[in-house]
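Student: Next up is a structure, given as structure tokens.
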Amino acid sequence: MVSLMNMLGICFYIHLVFIISRSTVGANSEGLVEGIVVVNGTHPIAQTDEDFVCATLDWWPPTKCDFGFCSWANSSLLNLDLTNKIFINAIKAFSPLKLRLGGTLQDKLKYHTNTHPCKQFAKNNERFGFSEGCLSMSRWDQLNAFFNKTGAKVIFGLNVLNGKTIGINGSAIGAWNSTNAKSFISYTVNKGYIIHGWELGNELSGKGIGASISSDQYAKDIISLQSLLAKTYKNFRVQPLLLGPGGFFDSKWFTDFINKTNNSLQVVTHHIYNLGPGGDTHLIDKILDPSHLSGGSQPFIALNSILKNAKSSTVAWVSESGGAWSSGRHLVSDAFVFSFWYLDQLGMASVSNTKTYCRQTLIGGNYGLLNTTTFVPNPDYYSALLWHRLMGRNVLSTNMSTLTKIRAYSHCSKASGGITILLINLDRNNTAKLSFKIDNSTIKETNDKIIHNTGTREEYHLAAKDDDPHSQTVLLNGEALMVNSLGEIPRLTPRVVNTSKPVTIAPFSIVFCHFPNIQVNACR
């Protein structure tokens, strides 16, 4: 290890090289803005799961329509083509990808553990607009073969409304009837299927969507499920996680719920749809508004505070987040512009100690990471994959206060001892040229010799094809990312740059900067 004086000298050199080439901070007359990204590498400010990126699969049938558009096609867990090569390769590329199986109709789903015919969801005038449906065990067998083949880690959402009656005001009354769930979980265990976690209920916290459950009753239902899991998995070395309530954040309701679960709950889950309805024609204005984006951090901060005050071992996840509810909006939530919102959400969630973030959806609706009919990746798929491969568990303090339209987040790198910085340029007119000040850093030694420069870094620049934010084709370092004829996910190849040079970020673009040679105490 280098001496303290050498460390100080190197840190000063890094800072000097970055700053000396740029004597001003702010905008100039050529459509260029300049600034400094300050990263504090003393210690991590938060920590995520290693497999922080997660995606959902839903139950909606083809007849699910919103704002006059039917965007689900055959993307339901009940009818998905599990042989599609692109689909298989898209999941395998994460090694592993967490998949949360659930959504609105999970609370109308029966598990058909006998051999009688199984009814499917049908459109009607009942709650949520559909009748009850069921999951046959033959389909469950097919799904688990698929999960095993792709290496997915599965979180299954159980029906919490089973046994309850719905009052006139939408309140769900009575205890959870676990009989059907018990049969299903026993079948799953006896078949040797590995479930990473069991989540109870969907969007029934607080005022609820379509129905609601009191925090007191929900806590009792969670304790009941915990008892069931303890008995079923009593001889297992690794126990599945217990998650809930999978609803919209309500501070008082969540506080009461967490306090009453008596540590039965490992993960408290909530949902994010902070952009409003998918039918809103002003979605892009919200996505590109820094103040609106920053406002989305409040549930993360508040829930983290509740868990700290409760002194609970329970951790926070986002188990569903599509940004715009009612299936999103075509050419917005399935286009390049949505990566600004999505990556910013991942950044804010990780800063507030959220352990996992599940995108609605992997496929289905207008907010899928994959195209609903062709399975071809949408731009956000590549944003998710780059995050997954580059951003490690430890979150670093990052400051980009001088430029309000630049969003900056940094983590210890996943694949090296270095750091990775994510930069998002929301400015449609100005290129950003940014230098870096990385506090408490040293340079990795090679062959027992100190590197007296900052070496190289890897840059992954993401931009829309033809500079069109509505484009569903994303460019990586100027090249379109496309699956090949074999359905293989393309290589994500970085641009190698001398670290002494500032990074240049084009208008309406995103860049991941990986510094493999810069070491900080937080990443040791």
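Student: What number of residues within segment 124-156 are basic (Lys, Arg) and either modelled with pLDDT under 95 or open to solvent by less than 50 Å² (accessible area, probe 1.4 Å) (or both)? Don't jump to the end; show me each part of the working.
Tutor: As a first pass, look at segment 124-156 and keep what is basic (Lys, Arg): 127, 139, 149, 153.
Going one step further and asking which of them are either modelled with pLDDT under 95 or open to solvent by less than 50 Å² (accessible area, probe 1.4 Å) (or both), we end up with 127, 139.
Selection size over segment 124-156: 2.
Student: Sort out which residues of segment 277-324 are part of a strand (DSSP E or B), within 25 Å of Thr255 (Cα to Cα) and out of contact with any Cys (no Cβ under 9 Å at 6 or more places or on another chain), and write them in order of number.
Tutor: Taking segment 277-324 first, the residues part of a strand (DSSP E or B) are 277, 315-321, 324.
Next, only the ones that are within 25 Å of Thr255 (Cα to Cα) stay: 315-321.
Selection gives Val315, Ala316.
Student: If you scan segment 35-72, which residues turn out to be surrounded by 22 or more Cβ atoms within 10 Å (Cβ to Cβ) and assigned to a loop (DSSP other than H, G, I, E, B)? Even if it seems obvious, please write down each step before you answer.
Tutor: Going through segment 35-72, the residues surrounded by 22 or more Cβ atoms within 10 Å (Cβ to Cβ) turn out to be 37, 39, 41, 48, 52-60, 64, 71-72.
Correct list: Gly41, Thr48, Phe52, Asp58, Trp59, Trp60, Lys64, Ser71, Trp72.
Student: Just to be sure I understand the filter: pairs with C-beta atoms under 7 Å, separated by 6 or more residues or on different chains, first member in segment 198-211 and under 24 Å from Ala230 (Cβ atoms), second member hydroxyl-bearing (Ser, Thr, Tyr) and surrounded by fewer than 24 Cβ atoms within 10 Å (Cβ to Cβ). Which pairs pass?
Tutor: What qualifies is Asn202/Thr104; Leu204/Ser212.
Student: Without any contact (Cβ under 8 Å) to a residue 24 or more places away in the chain, out of contact with any Pro (no Cβ under 6 Å at 6 or more places or on another chain) and open to solvent by 10 Å² or more (accessible area, probe 1.4 Å): does that describe Ser397? Walk me through it before giving the result.
Tutor: Values: without any contact (Cβ under 8 Å) to a residue 24 or more places away in the chain: no; out of contact with any Pro (no Cβ under 6 Å at 6 or more places or on another chain): yes; open to solvent by 10 Å² or more (accessible area, probe 1.4 Å): yes.
No.
Student: Could you list, in sequence order, the residues of segment 114-143 that are touching a Lys or Arg at 6+ places or on another chain (Cβ under 7 Å) and under 16 Å from Asp66 (Cα atoms)?
Tutor: Within segment 114-143, Phe128, Gly129, Phe130 meet the criteria.
Student: So which residues in segment 263-274 are in contact with a strand residue (DSSP E or B) (Cβ under 9 Å, 6 or more places away or on another chain) and either in a strand (DSSP E or B) or more than 12 Å from Ser327 (Cα to Cα) (or both), if there are any at all? Quick ask: steps written out before the conclusion?
Tutor: Restricting attention to segment 263-274, the residues satisfying the condition of being in contact with a strand residue (DSSP E or B) (Cβ under 9 Å, 6 or more places away or on another chain) are 264-274.
Of everything in segment 263-274, those that are in contact with a strand residue (DSSP E or B) (Cβ under 9 Å, 6 or more places away or on another chain) and either in a strand (DSSP E or B) or more than 12 Å from Ser327 (Cα to Cα) (or both) turn out to be Ser264, Leu265, Gln266, Val267, Val268, Thr269, His270, His271, Ile272, Asn274.
Student: So, one more: Kindly indicate whether any position in segment 231-240 is open to solvent by less than 10 Å² (accessible area, probe 1.4 Å) and not in a loop (DSSP other than H, G, I, E, B).
Tutor: No, that holds for no residue.
Student: Sticking with this structure for a sec: Got at least one residue in segment 195-216 being under 20 Å from Arg100 (Cα atoms), hydroxyl-bearing (Ser, Thr, Tyr) and assigned to a helix (DSSP H, G or I)?
Tutor: no
Student: Give all pairs with beta carbons closer than 6 Å in which a residue from segment 217-240 that is in contact (Cβ under 8 Å) with a residue 24 or more places away in the chain meets a residue that is open to solvent by less than 50 Å² (accessible area, probe 1.4 Å) and part of a helix (DSSP H, G or I); count only pairs at least 6 apart in sequence or on separate chains.
Tutor: Pairs that qualify, where the first residue is in contact (Cβ under 8 Å) with a residue 24 or more places away in the chain and the partner is open to solvent by less than 50 Å² (accessible area, probe 1.4 Å) and part of a helix (DSSP H, G or I), are Tyr218/Phe257; Ala219/Phe257; Thr232/Ile185; Thr232/Val189.
The values are calculated or read from the model by the stated rules, or taken from the named source; none is laboratory data. From a predicted model like this one, the values you see are computed outputs, not experimental measurements. Here Cβ is always computed from backbone atoms with ideal geometry, including for glycine, and neighbour counts include all displayed protein chains. These accessible areas exclude ligands, DNA and RNA; they are computed on the full protein's heavy atoms, side chains included. Shrake-Rupley method; radii C 1.70, N 1.55, O 1.52, S 1.80 Å.
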